[in-house]
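Below is one structure, written out as structure tokens, with a few remarks after it.
The values are calculated or read from the model by the stated rules, or taken from the named source; none is laboratory data. Everything numeric in this text was worked out from a predicted model, so none of it was measured. For neighbour counting, all protein chains shown are included, and Cβ atoms are generated from backbone atoms with ideal geometry for every residue, glycine included.
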Amino acid sequence: MERLNILLLTYCYPPQKFPRSVQISHLVQYLRKDFNITVVTSEPENEGDPSLLSFTPLDNVVYAPKSNFTKIIERSKGHRIKKEILPDFQYLWHFDLFRKARVLIDDSSPDVIITFGHPMSTHIAGLKLKRKFPHIKWLAHFSDPWVDNIFNDYNAWTKWINKYYQDSVLKSADRLIFTSQETIDLVTKYYSEEVRKKSICLPHIFNQALYFHQSDHTNEKIILRYIGNFYGNRQPDSFLKALKLLSHEQRAQLRVEFIGSEAKSIKDIISFFKLEDTVFTYPAVSYIKSLELMHSADILLIIDAPTEKSPFLPSKLIDYIGANKPIFGITPPGTSQKLIEEMGFLVADSRDVSDIPNKLMQMIEEFSKNKSKKVPSNIRHRYSISAVGKQIKSILENV
């Protein structure tokens, strides 16, 4: 069988410091063993995270530079007006992406195009390419819901235009890939059976090779670590309130670290609850360093916004699975809650402040009794680069 030529379009790619950059790189490095892959992405606007380049060669990367018009509009004032008019923050770049991809298609005739969103404007470029080159198969990959994302801040116009593009993409793409079954159910519930049938669940992945140099060690206190920043409604308030409800003796056993969450607002909350001796904040670290910190923690924290239900599968949770450490989730019912509980760990509903201290102490007690408890091997395999890589390889060969 001849090697298929794959044209992969994404705004996020190393060294750009986005969770999507890591996930897409993992897939590319696995697939390029069997396919000819060309990655078309945006030019890095800063140094990003150089550690991502330790596992991401750039020899198959082509950049789609932003046009002068795109740059002028992006740098101009009136950010509020742009937010109320443009479908998303990279809408103008999709024109530049489309032009670059069209030239590459004329030169190399790929067999399959894959577009990755977020940002969803990448799919708009894919839609235009599908209309111009209908014989080329197209896979649209969604890391999150599009119009149905609960964190969207749409006005009437931007909701309408995004819904228009979503309708067109879901109907035109040959395959639709989502990272959780809950996202498929949410996004496709008002669409035809045809759209649902071509929707596939392909979860995030971790690369075990990136953890190879780390060994277990014992900490003086029980270290609970949260890796990442807080934004919007995703805040640590409920968790900190729960810590405050613990006795002084209970808190004395713990050391809580927020890595990448040094904002003054976070420090102010810690100070308000008088938890400076228990909770510590640190600046953001490289991706590779974050894996080391995950592995050296005793318990890893997932803290999500308090919503009725969450379809999201955060890539951070999959990196936690790769670190093979116990996970305590403060998350609403949904994808993360089901997965953490399937692993045998505890979850407190982020909407129920009274539930958090009880579950937290139960987690601490269980850890103290069994410090060797790990993620079940069958679940680790499910999210490994080899298992998920084989799935997308099969999808590409049979699209």
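Go through 345, 312 for me and flag whichever is without any contact (Cβ under 8 Å) to a residue 40 or more places away in the chain, touching an Asp or Glu at 6+ places or on another chain (Cβ under 9 Å), within 17 Å of residue 227 (Cβ to Cβ) and not assigned by TED's automatic domain parsing to the domain that holds residue 51.
Numbers: 312 fails: without any contact (Cβ under 8 Å) to a residue 40 or more places away in the chain.
Of the residues listed, the single one that is without any contact (Cβ under 8 Å) to a residue 40 or more places away in the chain, touching an Asp or Glu at 6+ places or on another chain (Cβ under 9 Å), within 17 Å of residue 227 (Cβ to Cβ) and not assigned by TED's automatic domain parsing to the domain that holds residue 51 is 345.
Could you list, in sequence order, all residues of segment 248-264 that are part of a strand (DSSP E or B) and either of a type in the set (S, T, N, Q) or under 15 Å from residue 290 (Cα atoms) (or both)? Can you show your working first?
Taking segment 248-264 and keeping what is part of a strand (DSSP E or B), we get 254-259.
Of everything in segment 248-264, those that are part of a strand (DSSP E or B) and either of a type in the set (S, T, N, Q) or under 15 Å from residue 290 (Cα atoms) (or both) turn out to be 257, 258, 259.
Among the helices (runs of 4 or more DSSP H) confined wholly to segment 57-138, which include 1 or more residues that are small (Gly, Ala, Ser) and under 15 Å from residue 161 (Cα atoms)?
Numbers: elements: 68-75, 79-85, 91-108, 121-132.
Filter on segment 57-138 gives 121-132.
Among the residues in segment 270-289, are any assigned to a helix (DSSP H, G or I), without any contact (Cβ under 8 Å) to a residue 24 or more places away in the chain and at negative phi? Break it down into steps so the answer makes sense when it comes.
Step one: filter segment 270-289 for residues assigned to a helix (DSSP H, G or I), giving 270-272, 287-289.
In the following step, the residues that additionally are without any contact (Cβ under 8 Å) to a residue 24 or more places away in the chain were identified as 271-272.
Checking the rest, the ones that are also at negative phi come to 271-272.
For segment 270-289, residues assigned to a helix (DSSP H, G or I), without any contact (Cβ under 8 Å) to a residue 24 or more places away in the chain and at negative phi: present.
Filtering segment 34-47 down to residues that are of a type outside the set (Asp, Glu), at pLDDT 95 or above and in a loop (DSSP other than H, G, I, E, B), which residue is farthest from the chain's Cα centre (by Cα)?
35
I want to confirm something. Restricting to segment 339-373 and keeping residues that are modelled with pLDDT of 95 or more and in a loop (DSSP other than H, G, I, E, B), which single residue is surrounded by the most Cβ atoms within 10 Å (Cβ to Cβ)?
It comes out as 345.
Out of 102, 131, report the one residue that is within 19 Å of residue 64 (Cα to Cα) and out of contact with any Asp or Glu (no Cβ under 9 Å at 6 or more places or on another chain).
Working: 131 fails: within 19 Å of residue 64 (Cα to Cα).
Result: 102 is the single residue among 102, 131 that is within 19 Å of residue 64 (Cα to Cα) and out of contact with any Asp or Glu (no Cβ under 9 Å at 6 or more places or on another chain).
Which one is surrounded by the fewest Cβ atoms within 10 Å (Cβ to Cβ), of the residues in segment 170-215 that are among the hydrophobic types (A, V, I, L, M, F, W, C) and in contact with a Pro (Cβ under 6 Å, 6 or more places away or on another chain)?
Keep residues of segment 170-215 that are among the hydrophobic types (A, V, I, L, M, F, W, C), which gives 170, 173, 176-178, 184, 186-187, 195, 200-202, 205-206, 209-210, 212.
Narrowing the set further to residues that are in contact with a Pro (Cβ under 6 Å, 6 or more places away or on another chain) leaves 186-187.
Numbers: 186: 19, 187: 24.
Per the stated criteria, the residue is 186.
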